[in-house]
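Q: The following block contains the structure, expressed as structure tokens.
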Amino acid sequence: MIRLAVLGSTGSVGSQTLEVAKSFPDDIKVVALCARRASEKLLAQVRKFKPELVVTQEEPSGDWKSSLPEGVRYSRGDEGIEEAISLSDKVMNSIAGVHGIKPAYRVLSAGKILLASNKESIVCLPKVVEEHRNLIVPVDSEHNALFQLLEGVDTEDIRSVYLTASGGPFRKWSLEEMEKATPEEALRHPRWNMGAKITVDSATLMNKGFEMLEAKNLFGIDLTKIRVIIHPQSVVHGIVELKDGSFFMHAGPTDMRVPILHALFYPARREYPFQKPDLTDLSPITFEEVDGERFRALDIAKSVGQRGGVYVPVLVGADEEAVELFLSKRIGFLDITRIIEETLSEVDIPDPKTVEDVLEAVSWARRKVREIYEKRYARAR
Ligand SMILES: NC(=O)c1ccc[n+]([C@@H]2O[C@H](COP(=O)([O-])OP(=O)(O)OC[C@H]3O[C@@H](n4cnc5c(N)ncnc54)[C@H](OP(=O)(O)O)[C@@H]3O)[C@@H](O)[C@H]2O)c1
């Protein structure tokens, strides 16, 4: 019986994880659920799964706590997350953004299996990831695909690994049109239904930039061998090109429950419990090069990956803050990468040695983005 904790259970990946878990009641016991808010959605999940523990970051209001079913304990904040990890043997980290960094570190330090959906943690903790590779199963669809493709492949034989990108809602937009793009338009992802932050990152392609750094850390592959290719149908999730001219591709429906199912039971394979896809549903399959001029984020992430050190958490923090400014309509769509580049050019803090240093670098970047916004954008309005 897998004892599973789901961090970020009310989000897109968290909810889909619970959908899969519900199909295997004899194999998976959901022991802890964690979210930011004590919401009705979390309460409904608690009633359905009767975990041993429920954790929120924010203090519940009203009679939320007293509505919990008998036998379910409540805990709050970092201590609660620590407790959830201690109860489990596998932890799905599907907390959105930088808030997932410390929990990932805690899971690995406790020697538990990390089902890694939160990518910011994998990107920001290269040493921790390298030291605990045997405890990590990637859930991000591209990395889950590469994880499966790379089993048994000699790194020496790899010519390139490819991360596929749908291209997002602005794949065919001109720069002039992108300049005026609204949050509503950026949130209309053509293929995946995801949380707001990752959806905007998919529109700028910063999501793919993070995924390049994620692949570097997870698989120990040099950045020069990691490529991004536009594949609008999003059915091929990862490709490994070998030196002898073979391309191995991993394909599947555009459905996060597939990598979630794989990660939950790895190394075993289980029957997909939902409507099975037909191979013809996956056609056609096409690939295109990325237009680096319109999607600057990829080059930014690549050069940050090459510099390493403090630049990585600064990129992650700057992106998180800039996306929030865009979503609240305070900056334009292309300003996201402009502000990130300006923040990176002003870095004057040391490389992180501890997780606390990483979080400090993230906070520094968020403050710097705010400063730049106040100086250059707020006044211009
Ligand atoms: N969605 C996808 O298809 C997908 C695919 C690959 C990778 N990922 C990665 O997976 C992660 C989650 O993405 P998502 O799309 O599922 O996000 P989401 O829908 O926005 O959900 C975020 C979850 O995190 C919780 N949360 C937010 N701040 C928190 C905090 N400070 N402490 C504890 N919990 C907190 C939220 O709780 P509340 O509901 O209470 O706010 C919610 O449960 C991201 O890192 C993303 O890049 C997602």
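The values are calculated or read from the model by the stated rules, or taken from the named source; none is laboratory data. For clarity, every value in this text was computed on a predicted model and none was experimentally measured. With ideal geometry, Cβ positions are generated from the backbone for all residues, glycine too; neighbour counts draw on all protein chains shown.
Q: Considering only the range 186-226, state which residues are of a type outside the set (D, E, K, R), away from the ligand (no atom under 16 Å from the Cβ) and touching an Asp or Glu at 6+ places or on another chain (Cβ under 8 Å). Please lay out each step first, then the result.
A: Applying the first criterion (of a type outside the set (D, E, K, R)) to the range 186-226 yields 186-187, 189-190, 192-196, 198-200, 202-207, 209-210, 212-213, 215, 217-221, 223-224, 226.
Now drop any that are not away from the ligand (no atom under 16 Å from the Cβ), which leaves 219-221, 223-224, 226.
Within the range 186-226, GLY220 is the sole residue that qualifies.
Q: Against the conditions (1) within 16 Å of the ligand (Cβ to nearest atom); (2) under 28 Å from VAL358 (Cα atoms); (3) of a type in the set (A, V, I, L, M), where does LEU68 fall short? Just the number, please.
A: Going through the list (1) within 16 Å of the ligand (Cβ to nearest atom); (2) under 28 Å from VAL358 (Cα atoms); (3) of a type in the set (A, V, I, L, M), LEU68 breaks only (2).
Q: Determine which member of the set ILE260, ILE229 is away from the ligand (no atom under 16 Å from the Cβ) and either at pLDDT 95 or above or over 17 Å from VAL290 (Cα atoms) (or both).
A: Values: ILE260 fails: away from the ligand (no atom under 16 Å from the Cβ).
On inspection, the qualifying residue turns out to be ILE229.
Q: Taking the stated definitions as given, is GLY80 more than 9 Å from the ligand (Cβ to nearest atom) and either in contact with a Ser or Thr (Cβ under 9 Å, 6 or more places away or on another chain) or closer than 22 Å to ALA301 by Cα (or both)?
A: Yes, satisfied.
A quick yes/no check of all residues on (1) farther than 25 Å from GLU177 by Cα; (2) outside any helix (DSSP H, G or I); (3) small (Gly, Ala, Ser):
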| residue | (1), (2), (3) |
| --- | --- |
| SER303 | yes, no, yes |
| GLY309 | yes, yes, yes |
| VAL314 | yes, no, no |
| ALA322 | no, no, yes |
| ILE340 | no, no, no |
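Q: Just checking, which of PHE170, PHE147 is under 23 Å from LYS302 (Cβ atoms) and assigned to a loop (DSSP other than H, G, I, E, B)?
A: On the way: PHE147 fails: assigned to a loop (DSSP other than H, G, I, E, B).
So the residue among PHE170, PHE147 that is under 23 Å from LYS302 (Cβ atoms) and assigned to a loop (DSSP other than H, G, I, E, B) is PHE170.
Q: Before we move on, is LEU7 at pLDDT 95 or above, closer than 20 Å to LEU264 by Cβ and surrounded by fewer than 21 Cβ atoms within 10 Å (Cβ to Cβ)? Break it down into steps so the answer makes sense when it comes.
A: Numbers: at pLDDT 95 or above: yes; closer than 20 Å to LEU264 by Cβ: yes; surrounded by fewer than 21 Cβ atoms within 10 Å (Cβ to Cβ): no.
No: the conditions fail for LEU7.
Q: Okay, moving on. So in the range 25-41, with the set limited to residues that are out of contact with any Phe, Trp or Tyr (no Cβ under 8 Å at 6 or more places or on another chain) and either among the β-branched types (Val, Ile, Thr) or over 17 Å from ALA96 (Cα atoms) (or both), which one is surrounded by the fewest Cβ atoms within 10 Å (Cβ to Cβ)?
A: Only one residue fits best here, namely ASP26.
Q: Scan the range 310-319 and give yes if some residue there is surrounded by fewer than 18 Cβ atoms within 10 Å (Cβ to Cβ) and within 25 Å of GLY195 (Cβ to Cβ), otherwise no. Step through it out loud before you land on a result.
A: Initial filter on the range 310-319 (surrounded by fewer than 18 Cβ atoms within 10 Å (Cβ to Cβ)): none.
Taking every residue of the range 310-319 in turn, none turns out to be surrounded by fewer than 18 Cβ atoms within 10 Å (Cβ to Cβ) and within 25 Å of GLY195 (Cβ to Cβ).
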